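Please read the structure below before turning to the comments.
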Amino acid sequence: MGYSKGEYYTDRERYVNGLTLALSPLRDFGLIRYGRFYSTDEEYVKVADMIGNSVFLNVTAMSKAEILKDVARVILQGDEKGIVPRSLVTDKNEMRHAAPLFR
């Protein structure tokens, strides 16, 4: 028996928000949150630290394993140059689009 659409997105939200515990030992870790536009099913993850830095990942239709890998890439970016998450949002207009999901 498969997921309903609502259950599918609820599961993904719980998964992403559940990464907080795993990331909490990291120095300066602030938060990780999942957000979705219900009208388009676009999905974003925000990862932020305690000193004001944040990134958005466009995780629309990515598997949970792919999301985890990109979150790991976000974390490693600070330590290893050249590691860039595939879903990293760099376009300012897309950042503005995603930001209201996390207010």
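Would you confirm whether any residue within the stretch 14-24 is surrounded by 15 or more Cβ atoms within 10 Å (Cβ to Cβ) and outside any helix (DSSP H, G or I)? No. Would it be correct to say that S87 is out of contact with any Lys or Arg (no Cβ under 8 Å at 6 or more places or on another chain), at pLDDT 95 or above, surrounded by 15 or more Cβ atoms within 10 Å (Cβ to Cβ) and among the small types (G, A, S)? So S87 fits the description; yes.
Somewhere in the stretch 49-60, is a residue hydroxyl-bearing (S, T, Y), in contact with a strand residue (DSSP E or B) (Cβ under 7 Å, 6 or more places away or on another chain), closer than 22 Å to T90 by Cβ and part of a loop (DSSP other than H, G, I, E, B)? Yes: one or more hits. Here the stretch 44-75 is the region considered, the condition is being in contact (Cβ under 8 Å) with a residue 24 or more places away in the chain and within 15 Å of D11 (Cβ to Cβ), and the residue that is surrounded by the fewest Cβ atoms within 10 Å (Cβ to Cβ) is K64.
The values are calculated or read from the model by the stated rules, or taken from the named source; none is laboratory data. This one's a predicted model, so the numbers in the text were calculated from it and none came from an experiment. Positions of Cβ are generated from backbone atoms using ideal geometry, with glycine treated the same way; all protein chains shown enter the neighbour counts.
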